[in-house]
Structure formats: structure tokens, C-alpha cells
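Have a look at the structure below before the remarks.
The values are calculated or read from the model by the stated rules, or taken from the named source; none is laboratory data. Remember, predicted model here, so these are calculated numbers, not experimental data. We place every Cβ from the backbone using ideal geometry, glycine too, and count neighbours over all the protein chains shown.
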Amino acid sequence: MTVQEYNRSVDEHADALYRYIVAQLRHPEDARDLVQNAFEVLWRKREEVNAEKARPYLFTVAYRDMIDHIRKQKRITLVEEMAEDGRSTHIPYTGAREALEKALGTLPEVQKTVVLLRDYEGYDYREIGNITGLSEAQVKVYIFRARKALQERIGNVQNLI
């Protein structure tokens, strides 16, 4: 991969990669760090990576870093911030987008990942399998189960409030 091809990869794929990671983590700063790391890895491996394979390579690197990041975060105990009067500071349910985000948050990580890659980023089953290390059949099963769970969760809005 030449420097020009690398720069073109940054221009073409940075936004999509960021959207994917921030949708998973919901922390823009962490997402920026993971995207930057993916492009750093691509830069170091630019001689080994074909320019046509830059997008799946970036998503694979970012996905694996994101999983490591999530595992590290789970080890840290987070304390919910409380208002002065002792009530939670959660933002109440306000619409369909929030309902979908909350429903996505209830899915197992692998299901959430494959749904976001398929429905938000437009990858086909084979590409998702390459990114996540799953077989194409596993990807299809996880997507089916995730969509069914989302349908059940969103269909019963009371569970979301």
C-alpha cells in the first residue's frame, strides 16, 4: 500500500469505522482512540496490506481492540452517579432511537457486533465472518437471534422504560 492509498483509506473509512465503534462503546473519546490505533496498525503494516483490503483490515483491528477494551472496562467497577437528593441521574426514555439503543445494549456483545456490521455498515455475511472470526453460518445465526431479540424488546416498550 502506498502513502496515497493509505491517505485515501483514511479519507474513505475513518467515519464509518468511528460510527461503528462509537455505536458499540457509546464513548466518543474511547472510539477515537480505537480508530486512531487501527489506522496506526494499518500504517505499520501498510506494506503487507493490499489497498483493496484496507476496510476489512481496519474493522478487524478495531473490533479486536474494542473487545479488549470492553474486557478491561468490565474489570473496573463503575459507580452510578447520584443526584444530591439521592435519585438516579438517568435520562428518561424519549423516542425510538433511544429505544433501539437501549435494546441493542441488552444484546450479547457478539450479536450486537454482527447486527451493527450488517445493518449499520452494510457488510455481507462473509466479510463479517472475516472481521469477527466467525463462520458465515454463525454470523447468520447471530444476526437472526439478535433481530428476533430486538423485535421482542422494542415490541414491548414497557421493558425499555
| message | If a residue must be closer than 20 Å to Phe59 by Cα, assigned to a helix (DSSP H, G or I) and either touching a residue at least 12 places away in the same chain (Cβ under 8 Å) or touching an Asp or Glu at 6+ places or on another chain (Cβ under 6 Å) (or both), how many such residues does region 106-145 contain? | response | 23
| query | Are any residues in region 90-109 more than 15 Å from Lys148 (Cβ to Cβ), among the hydroxyl-bearing types (Ser, Thr, Tyr) and at pLDDT 50 or above, and if so, which ones? | reply | Thr94
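Quick check, is Leu17 under 21 Å from Glu121 (Cα atoms) and either touching a Cys at 6+ places or on another chain (Cβ under 7 Å) or at pLDDT 90 or above (or both)?
Taking the combined requirement at face value, the residue satisfies it.
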